[in-house]
Amino acid sequence: MATPREIDVKRRTLMAATVATAAVGAVASRAGAQVPAAGPPASSNAAAPTTKVSFIVNGKARDLALDTRTTLLDALREGLHLGGTKKGCDHGQCGACTVILDGRRINSCLTLAVMHEGSKITTIEGLGTPDKLHPMQAAFVKHDGYQCGYCTPGQICSAVAVLAEIEAGIPSHVTADLNGKPPLDDAELRERMSGNICRCGAYSNIVEAIGEVAGRKA
Amino acid sequence: MKPFTYERAASPAEAARAAADRPDARFIAGGTNLLDLMKLQIETPDHLIDVNGLGLDRIEETPDGGLRIGALVRNTDLAADARVRRDHAVLSRALLAGASGQLRNRATTAGNLLQRTRCPYFYDTNMACNKRRPGSGCSALGGYSRQLAVVGGSEACIATHPSDMAVAMRVLDATVETVKPTVKPEGARRTIPIADFHRLPGDTPEIETVLEPGELITAVTLPKPAGGTHHYLKVRDRASYAFALVSVAAIVQPDGSGRVALGGVAPKPWRREDAEAEMSRGAKPVMAKLLAGAKPTEENKFKLPLAERALAAVLAEAKG
């Protein structure tokens with residue numbers, strides 16, 4: 001029986017290992033020099049129409065020939081082997097698939113890959129590496145902003161974009177003064193993160209992590 | 001999803017013509033509702049016409065002091081536009097009360113107007129639904145109807161329109177601009193008052209708007225600012241990221257007169273100008289007219305007093 005401390009260490013080791021595996025997968029995909037045959041197994045159909053699309057993922061140009069039905073999420077996971085972006089509900093309700101598209105966070109499950117010719121996409125693998133974490137990744141580790149970790153890549157991508165949205169002056173449902181600068185309080189962060197569900201319930205630690213990166217308190 | 005072919009349209013008129021030529025084609029913009037429905041095979045288009053590249057993503061001032069909002073303006077950008085926040089705040093408030101940050105970043109102005117109901121029987125392909133499969137019956141009547149319509153429904157359908165944005169557009173007297181496919185390369189333009197844009201279900205609940213085959217929304221126009229104080233109160237089962245049980249969009253003038261439209265209670269944004277004559281007398285007489293003829297179910301009759309109390313709260317807020 002593991003002590004709570006051991007479990008804690010294993011959880012963190014597991015998270016780092018998950019990021020590392022995803023990075024290795026991306027390298028292996030490039031080394032294989034194959035045009036990725038994208039699309040989930042459920043979509044395989046010899047007669048299904050395909051379309052070519054080119055976009056930039058985490059700074060690298062990618063050319064894909066895809067079953068038109070392939071969502072951006074499936075293109076990232078199955079086509080490019082970037083497994084950090086997670087499939088939760090696959091219907092835009094949970095936020096596990098959140099990536100940053102041309103500077104905006106979106107649900108990658110509710111958009112087709114072929115709709116993003118020329119776009120710039122950032123996934124959790126593009127934010128930081130195990131050796132050099134993005135400040136938001138480091139803050140999630142420090143504040144224990146996760147338990148099982150499945151929603152975490154989406155939470156972190158969303159959180160990075162939330163701070164950019166507040167910086168840009170985009171109001172939210174709880175912003176009292178529509179014409180002023182939105183405040184950086186807990187109510188704002190909670191409202192803006194409501195599209196990312198964490199069924200482990202790490203919300204209060206997630207808010208602390210985001211607040212720290214926002215420079216609210218050390 | 002069923003297999004489909006895909007094209008990127010080059011102009012609005014070309015997109016309209018491409019859609020008119022193929023009855024099972026759909027336009028796709030944000031895709032946040034259409035792809036959800038395609039995954040469930042509630043929508044099964046054989047061809048998608050991507051309209052994202054049509055340049056309909058600008059907000060321009062009109063000669064009469066209003067705003068012309070391109071069909072592809074994303075919900076986030078519309079809510080954050082300085083002119084909308086200052087002069088049409090009810091629209092910003094309604095947009096920000098809807099969906100999540102991720103969805104608002106993709107969802108478009110036209111797509112929001114065209115989104116489908118979230119009636120649980122529309123979504124469950126095992127159940128009868130006249131909107132999804134005309135003539136199959138309505139499982140919602142006598143079923144789980146807590147979220148559904150109390151007014152404007154029919155024996156065939158009691159689905160609600162799920163949009164927050166559309167309720168604000170209704171109270172702002174917006175106009176929908178479209179292009180229709182014709183033999184001429186530039187197509188034919190028409191404008192539709194928002195009040196006439198959505199249809200009541202009657203015995204054809206599958207027909208939700210007055211748009212004709214291939215007709216493409218190009219913009220939504222707001223008249224000059226209405227003045228007054230702007231309010232959008234949304235009552236829902238959780239504090240964020242949920243559809244309305246009842247929502248109230250209102251513009252209240254200093255003399256107590258004003259406008260009010262309701263969301264979450266009807267198959268379309270619900271407004272009756274004759275009810276607004278009662279605004280200065282309080283919520284009760286307004287709701288008596290606005291919800292006249294209501295036919296709630298046992299499960300959703302709570303919406304009648306809830307709507308009245310929501311408006312009373314808005315009117316109290318307006319008095320400051």
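The values are calculated or read from the model by the stated rules, or taken from the named source; none is laboratory data. None of these values were measured; they are calculated from a predicted model. As a convention, Cβ positions derive from the backbone with ideal geometry for all residues, glycine included, and neighbour counts pool all protein chains shown. These accessible areas exclude ligands, DNA and RNA; they are computed on the full protein's heavy atoms, side chains included. Shrake-Rupley method; radii C 1.70, N 1.55, O 1.52, S 1.80 Å.
Can you name the number of the only condition in (1) surrounded by fewer than 19 Cβ atoms within 10 Å (Cβ to Cβ); (2) in contact (Cβ under 8 Å) with a residue 60 or more places away in the chain; (3) of a type outside the set (Val, Ile, Thr) that residue B:82 fails?
(2) is the only condition that residue B:82 fails.
Out of segment B:234-261, which residues are away from chain A (no Cβ under 14 Å) and among the hydrophobic types (A, V, I, L, M, F, W, C)?
Scanning segment B:234-261 gives B:245, B:246, B:248, B:249, B:250, B:251, B:252, B:260, B:261.
One line per residue, one yes/no per condition, for (1) within 11 Å of another protein chain (Cβ to nearest Cβ); (2) closer than 23 Å to residue B:181 by Cβ:
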| residue | (1), (2) |
| --- | --- |
| B:14 | no, yes |
| B:31 | yes, yes |
| B:41 | no, no |
| B:67 | no, no |
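Among all residue pairs at least 6 apart or on different chains, which show Cβ distances below 7 Å where the first residue, located in segment B:228-242, is within 16 Å of residue A:95 (Cβ to Cβ) and the second is open to solvent by less than 30 Å² (accessible area, probe 1.4 Å)?
Going by the 7 Å Cβ cut-off, the qualifying pairs are B:240/A:191; B:240/A:194; B:241/A:194; B:241/A:195; B:241/B:100.
Which of the residues that make up segment B:14-54 are under 19 Å from the mean Cα position of the chain (by Cα) and assigned to a helix (DSSP H, G or I)?
B:34, B:35, B:36, B:37
Looking at segment A:116-128, can you tell me whether even one residue there is within 10 Å of chain B (Cβ to nearest Cβ) and either crowded, with 20+ Cβ neighbours inside 10 Å or of a type outside the set (Gly, Ala, Ser) (or both)?
Yes, some residue in segment A:116-128 is within 10 Å of chain B (Cβ to nearest Cβ) and either crowded, with 20+ Cβ neighbours inside 10 Å or of a type outside the set (Gly, Ala, Ser) (or both).
Is it fair to say residue A:70 is touching a residue at least 24 places away in the same chain (Cβ under 8 Å), farther than 19 Å from residue A:149 by Cα and within 10 Å of another protein chain (Cβ to nearest Cβ)?
yes
With the condition kept exactly as written, say whether any residue in segment A:134-149 is among the hydroxyl-bearing types (Ser, Thr, Tyr), open to solvent by less than 50 Å² (accessible area, probe 1.4 Å) and part of a helix (DSSP H, G or I).
no
Determine which member of the set B:116, B:85 is over 24 Å from residue A:192 (Cα atoms) and outside any strand (DSSP E or B).
Selected residue: B:116, the only one of B:116, B:85 that is over 24 Å from residue A:192 (Cα atoms) and outside any strand (DSSP E or B).
Here is a list: B:114, B:148. Which entry is open to solvent by 20 Å² or more (accessible area, probe 1.4 Å) and away from every other protein chain (no Cβ under 14 Å)?
The conditions single out B:114.
Take segment A:147-174 and flag every residue that is within 12 Å of another protein chain (Cβ to nearest Cβ), under 16 Å from the mean Cα position of the chain (by Cα) and among the hydroxyl-bearing types (Ser, Thr, Tyr).
Result: A:158, single match.
Would you mind finding the one in B:308, B:317 that is under 12 Å from residue B:248 (Cα atoms) and either open to solvent by 80 Å² or more (accessible area, probe 1.4 Å) or not aliphatic (A, V, I, L, M) (or both)?
That would be B:308, the only listed residue that is under 12 Å from residue B:248 (Cα atoms) and either open to solvent by 80 Å² or more (accessible area, probe 1.4 Å) or not aliphatic (A, V, I, L, M) (or both).
I'd like the full set of residues that are part of a loop (DSSP other than H, G, I, E, B), in contact with an Asp or Glu (Cβ under 7 Å, 6 or more places away or on another chain) and of a type in the set (A, V, I, L, M, F, W, C), limited to segment B:88-113.
Across segment B:88-113, the qualifying residue is only B:97.
Here are some residues: B:64, B:57. Which one is in contact with a strand residue (DSSP E or B) (Cβ under 8 Å, 6 or more places away or on another chain), at pLDDT 95 or above and in a loop (DSSP other than H, G, I, E, B)?
Result of the check over B:64, B:57: B:57.
Residues checked against (1) among the acidic types (Asp, Glu); (2) loosely packed, with under 13 Cβ neighbours inside 10 Å; (3) not in a loop (DSSP other than H, G, I, E, B):
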position	(1), (2), (3)
A:162	no, no, yes
A:171	no, no, no
A:176	no, yes, no
A:180	no, yes, no
A:187	no, no, yes
A:195	no, no, no
A:199	no, yes, no
A:205	no, no, yes
A:208	yes, no, yes
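Considering only segment A:93-106, state which residues are at the interface with chain B (Cβ under 10 Å from one of its Cβ atoms), open to solvent by less than 10 Å² (accessible area, probe 1.4 Å) and touching a residue at least 40 places away in the same chain (Cβ under 8 Å).
Correct list: A:95, A:97, A:98, A:99, A:105.
Which residues, taken from segment B:18-34, are out of contact with any helix residue (DSSP H, G or I) (no Cβ under 9 Å at 6 or more places or on another chain) and crowded, with 22+ Cβ neighbours inside 10 Å?
B:19
Would you pick out the residues in segment B:44-80 that are among the small types (Gly, Ala, Ser) and more than 19 Å from residue A:178 (Cα to Cα)?
B:53, B:55, B:65, B:66, B:70, B:71
Given the conditions (1) crowded, with 19+ Cβ neighbours inside 10 Å; (2) acidic (Asp, Glu); (3) more than 11 Å from chain B (Cβ to nearest Cβ), which single one is not true for residue A:191?
Here residue A:191 meets the rest and fails (3).
Is it true that some residue in segment B:278-292 is touching a Pro at 6+ places or on another chain (Cβ under 7 Å) and part of a helix (DSSP H, G or I)?
Within segment B:278-292, none of the residues are touching a Pro at 6+ places or on another chain (Cβ under 7 Å) and part of a helix (DSSP H, G or I).
Each row is one residue, and each column tells you yes or no for (1) over 28 Å from residue A:100 (Cβ atoms); (2) within 12 Å of chain A (Cβ to nearest Cβ); (3) out of contact with any Pro (no Cβ under 9 Å at 6 or more places or on another chain); (4) surrounded by fewer than 24 Cβ atoms within 10 Å (Cβ to Cβ).
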| position | (1), (2), (3), (4) |
| --- | --- |
| B:37 | no, yes, yes, yes |
| B:58 | no, no, yes, yes |
| B:75 | no, yes, yes, no |
| B:78 | no, yes, yes, no |
| B:88 | yes, yes, no, no |
| B:96 | no, yes, no, no |
| B:126 | yes, no, yes, yes |
